[in-house]
Amino acid sequence: MSKLVERHGWVPESDLDGVSLDTLAIRAGHHRTLELEHSEPLFPTSSFVYGTAAQAAARFAGDEPGNIYSRFTNPTVAAFEERIAALEGGERAVATASGMAAILATCMALLKSGDHVVCSRSVFGTTNVVFGRYMEKFGVRTTFVDLTDQAQWEQAVMPDTRMLFLETPSNPLCEVADIQVIAEIAHRQGALLVVDNCFCTPILQRPLDFGADVVVHSGTKYIDGQGRCVGGVVVGSNTVMQEVFGFLRSAGPTLSPFNAWVFLKGLETLPLRMRAHSEQSLTLARWLSEQPAIETVFHAGLETHPQHALAKRQQKGFGGMLSFKVRGGREEAWKLIDGTRIVSITANLGDVKTTITHPATTTHGRLSPEDKARAGITENLVRVSVGLEDIEDLKADLARGLAAI
Ligand SMILES: *Cc1c(COP(=O)(O)O)cnc(C)c1O
């Protein structure tokens, strides 16, 4: 047994020095227990026990490392955190109960009353609500700017700006922001840049490499990849993450061990899936561009996309999301959606199953008409999260939708 432990137990992280993201996605973060399990173990336990009262005291005092309670730490959650930190190239990751909890924890840990935030207008709808309604309530002001307009970012930054927040590529129009340029704007003011990297995942884009300070994720999307669990994660330096961890262990929106375990399994196929999603979506974007009933296709892989060159430089693939405008309005868009027979009509994304959404009446339905117009969310816009079904079947299904208009 001891020989086996020596040979196989507690694989030190240094064994993975210099390996590629594909290997990290499969190997990072798994510290084997004495059972020498091959697959990552699941620890569905709320608390942990001690050999003696003195050991309990030492754990609570922080004199001895180890688990205490699963709101603080849990080995399965820790394995997921270590793996995603390795993939993003960050010092430390802290997992959260949802993508929104990741964003909330980042704000609660890093902002205080009187601080100012600059946020891209085209972020996930609920992110807008967190900044615009809840942070505002506690004295944190937010200025919203156009994602791709550098001058607006520069002008919005004030002496009390502490955070810049963006999501690239954007949802649903696939606009791309230059992370390096916006990180420089943030740092000139002593502010932090937070990037929601949900659409690309570290496989296609690593914001920390371009100077971002914090990365947030909804694990619910591509990290899981099969639509099973809700969860999130924050990645950054040890200093920043100590604050985020402090908030989470006190306030409580931590990730459940089961969801962490599902995400660990999801990460193992993430490189493969992201490459396949990118290839499928580009093929579909090109095909859609040729359809007479379609006015415009939004996909950063198309040469006609305004930030095509930037996306090529900043990303290792264009991802699985695309959107398009049909000729007509809501009626035509709905007819197309209802005419499909394979793709799922749902707002979720990042799944191996292709999903189709009408943003104006679902994900962006609560925006005012002015905000919709400013965000480019027209009634004829349709969003597709391109999954991994046979591409010819997807084309045939969308052709069926187009024929129904
Ligand atoms: C879904 C999503 C979120 C929120 O994540 P949840 O896990 O649903 O809380 C945040 N950002 C982006 C870009 C998303 O797509």
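The values are calculated or read from the model by the stated rules, or taken from the named source; none is laboratory data. All values derive from a computational prediction rather than experimental measurement. Every residue, glycine as well, gets a Cβ built from its backbone with ideal geometry; the counts of neighbours run over all protein chains shown. Please note that ligands, DNA and RNA were not included when accessible areas were found on the heavy atoms of the full protein model with its side chains. Shrake-Rupley method; radii C 1.70, N 1.55, O 1.52, S 1.80 Å.
Computed with a 1.4 Å probe on the full set of protein chains, the accessible area for His38 sits at about 150 Å². Protein-only accessible surface at a 1.4 angstrom probe places the residues Trp261, Trp153, Trp334 in the order Trp334, Trp261, Trp153, largest first.
Note that the range 270-403 presents 45 Å² accessible area per residue, ligands and nucleic acids not counted, probe 1.4 Å. Karplus-derived 3J(HN,Hα) values for the range 210-220, using 6.51 cos²θ - 1.76 cosθ + 1.60 with θ = phi - 60°, are 9, x, 5, 9, 9, 10, 10, 9, 9, x, 4 Hz; glycine and proline are entered as x. Looking at the range 302-395, the GluC sites (Glu not before Pro) that sit in a DSSP loop and have at most 14 other Cβ atoms within 10 Å of their own Cβ are Glu303.
Between Thr143 and Val117, Val118, Cys119, the built amide H atoms are under 5 Å apart, and every one of these is 5 or more places off in sequence or on another chain. Accessible surface for the range 3-266, divided over its residues, is 42 Å² per residue with a 1.4 Å probe. Overall, the accessible surface of the range 239-284 at a probe of 1.4 angstrom is composed of carbon and sulfur to the extent of 59 percent.
Taking amide H as placed 1.01 Å from N in the peptide plane, Asp196 has its amide H under 5 Å from the amide H of Leu166, Glu167, Thr168, Val216, each at least 5 places away in sequence or on another chain.
Determine, for each peptide in 47-54, 262-269, the mean count of other beta carbons within 10 angstrom over its residues, then list the peptides with the highest first.
So the peptides 47-54, 262-269, ranked by packing, come out 262-269, 47-54.
Only helices enter this figure: runs of n ≥ 4 DSSP H residues, each worth -39500 (n - 2.57), summed and divided by the residues of the chain, yield -11500 deg cm²/dmol at 222 nm to the nearest 500. Taking amide H positions as modeled 1.01 Å from N, with prolines and chain starts lacking one, the residues under 5 Å from Ile294 and 5 or more places away or on another chain are Arg327. Only protein heavy atoms count here; under a 1.4 Å probe, Val233 has an accessible surface of about 0 Å². The phi torsions of the range 228-241, fed into the Karplus equation with coefficients 6.51, -1.76 and 1.60 and a -60° offset, translate into couplings of 9, 10, 9, x, x, 7, 10, 10, x, 6, 4, 4, 5, 5 Hz, rounded to whole numbers, with Gly and Pro shown as x. Taking the inverse of the mean reciprocal distance over all distinct Cα pairs, the Kirkwood hydrodynamic radius of the chain comes to 22.2 Å. With θ taken as phi - 60° and the Karplus curve 6.51 cos²θ - 1.76 cosθ + 1.60 applied, the whole-hertz 3J(HN,Hα) list for the range 308-320 is 4, 5, 4, 4, 5, 6, 8, 10, 8, x, 9, x, x Hz, x standing for glycine and proline.
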